[in-house]
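*Asks:* Would you mind keeping the following structure in view while I ask a few things?
What follows draws every value from the coordinates through simple rules; no lab data is involved. Nothing here was measured: the structure is a model prediction, and the numbers come from that model. With ideal geometry, Cβ positions are generated from the backbone for all residues, glycine too; neighbour counts draw on all protein chains shown.
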Amino acid sequence: MKISNSARISREFYKTTASPLDRLNYAKELNKQFFEKLVPEFKTDKIDADIYINNLHEVSPPNIILQVEKNTDKKQVGAVSLGTNKKSIAGYIMELPIDKNNQISIYDMDTCMHEPFHYFVEMNNPKHIARFVSYNKHGKKDEFEKFYWENLYSKQDKFDIKELKKNLDEFLNNLGSKQKLDFLQNSRYRLSEEKYAYEQGNIYLDKIQDIHSDIIPHKIDGHHYEEYHFEEKIKLLNDTLRDTINTIRENNKM
Ligand SMILES: [Zn+2]
């Protein structure tokens, strides 16, 4: 499956190979530009979803296809997924907390700055998308996703990194080399992206409440994402990936 030009930043933009840090910073820059356009639109504690969407399109590179799901009326829900047609990844689908009056609340700005960040990161990292495509090809998507959601992108009552390492090793033991690499790479890309997306969401929720202290009666906190223990989990994935690559190399020598 190909990644079409409508799902990635133009190749001319990245004539020289931009580092992962450059790509991350560019995604942050686009998110910042989007936030700055959004701020003056708030005259009350709500804005019309169309105003949000139009501003997002204005900041986005013109070649990128984005569809925002409207009138979902699912409070506190947000997601970005890949839009596909038969042959290629064609663009992005975003879900946001839009109420039944087609409005977005200032108090949901954590989610409403988290999701565009995913979108900006992904269009900047076709490698991540390619890895996700490869990850889905093994016929083990359900199994992979179950482990990811239960053990990695989840909050545990009592987080224990040793317990997680044990579970991860057991899970990987049943996989082939390519499956292991795709699972580990995809999971670490996704968890890192979440860590930064939560960070961005909280930064901008805090900022916009300060800027618009005139129109809001009280400030609220953003997501308490430290309960996900992203840093420790990403480190475990990186260490496991390095060990897995070393083992594969050793085995190939024989
Ligand atoms: Zn997210």
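*Asks:* Sort Tyr119, Tyr153 by Cβ crowding within 10 Å, fewest neighbours at the top.
*Replies:* With the sparsest Cβ surroundings first, the list reads Tyr153, Tyr119.
*Asks:* Follow-up. Residues with beta-carbon under 10 Å from that of Gln156, excluding Gln156: net charge, scoring Lys, Arg +1 and Asp, Glu -1?
*Replies:* On the way: positive: Lys155, Lys158; negative: Glu150, Asp157, Asp160, Glu163, Glu227.
Every neighbour counted, the sum reads -3.
*Asks:* Given Cα pairs under 8 Å that are at least 6 residues apart, what percent is the relative contact order of the range 103-254?
*Replies:* 40
*Asks:* Let me ask something else about it. Neighbour counts of other C-beta atoms within 10 Å: give me Val68, Val39 arranged from fewest to most.
*Replies:* Exposure proxy ranking, most exposed first: Val39, Val68.
*Asks:* Report, in whole Å, the centroid distance computed from the Cα atoms of the range 28-44 and the range 132-178.
*Replies:* 36
*Asks:* While we're on this one: Starting from the 7 Å offset along Cα-to-Cβ, what nm value, one decimal, do you get for the label separation of Lys43 and Arg249?
*Replies:* 6.2
*Asks:* Something else now. Collect residues whose amide H, placed 1.01 Å from N in the peptide plane, falls under 5 Å from the amide H of Thr84; neighbours closer than 5 in sequence don't count.
*Replies:* Ala90
*Asks:* Against the longest alpha carbon principal axis of the chain, how many degrees, from 0 to 90 and to the nearest 10, is the axis of helix 109-124 turned?
*Replies:* 50
*Asks:* Here's another thing I want to ask about it. Of the candidates Ser19, Ser187, Ser81, which one comes out as most mobile in a Gaussian network treatment of the chain with C-alpha springs shorter than 10 Å?
*Replies:* Largest GNM mean-square fluctuation: Ser19.
*Asks:* By how many degrees, 0 to 90 and rounded to 10, does the Cα axis of helix 126-136 deviate from the longest principal axis of the chain?
*Replies:* 60
*Asks:* Return one number: the angle in degrees, 0 to 90 and rounded to the nearest 10, between the long axis of the Cα atoms of helix 230-253 and the longest principal axis of the Cα atoms of the chain.
*Replies:* 30
*Asks:* Just subtract the alpha-carbon distance of Asn5 and Asn102 from 0.36 nm times their residue separation and send over the number in nm, one decimal.
*Replies:* This chain segment gains 31.9 nm when fully extended.
*Asks:* For each pair in Lys37/Lys155; Lys158/Lys233; Lys178/Lys233; Lys127/Lys166, compute the distance between the two Cα atoms and list the pairs where it is over 26 Å.
*Replies:* Lys37/Lys155; Lys127/Lys166
*Asks:* OK, next. Using the scaling law 2.2 N^0.38 Å as the reference, what is the normalised Cα Rg of the chain?
*Replies:* Dividing the Cα radius of gyration by 2.2 N^0.38 Å gives 1.08.
*Asks:* Net charge near Val80: determine it from the other residues with C-beta under 9 Å of the C-beta of Val80, scoring Lys and Arg +1 and Asp and Glu -1.
*Replies:* Summing Lys/Arg as +1 and Asp/Glu as -1 gives -3.
*Asks:* Using helices alone, what [θ] at 222 nm do you get for the chain, with -39,500 (n - 2.57) per DSSP H run of 4 or more residues, divided over all residues and rounded to the nearest 500?
*Replies:* That comes out to -18000 deg cm²/dmol.
*Asks:* Tally Lys/Arg at +1 and Asp/Glu at -1 over every other residue whose Cβ is under 9 Å from the Cβ of Ala49; what's the total?
*Replies:* Here the charged neighbours net out to -2.
*Asks:* Can you spot the aspartates and glutamates whose alpha carbon is less than 20 Å from Lys137's alpha carbon? Ignore those fewer than 8 places along the same chain.
*Replies:* Straight-line reach from Lys137, under 20 Å: Glu122, Glu145, Asp182.
*Asks:* Whole-Hz Karplus ³J(HN,Hα) for the range 57-70, in order, using 6.51 cos²θ - 1.76 cosθ + 1.60 and θ = phi - 60°, x for Gly and Pro?
*Replies:* After applying 6.51 cos²θ - 1.76 cosθ + 1.60, I find 5, 5, 7, 5, x, x, 7, 7, 9, 9, 10, 9, 6, 9 Hz.
*Asks:* Moving on. So how do Lys28, Lys70 line up by other beta-carbon neighbours within 10 Å, fewest first? If you can, show how the numbers build up before the last one.
*Replies:* On the way: Lys28 17, Lys70 13.
Fewest-to-most ranking of Lys28, Lys70: Lys70, Lys28.
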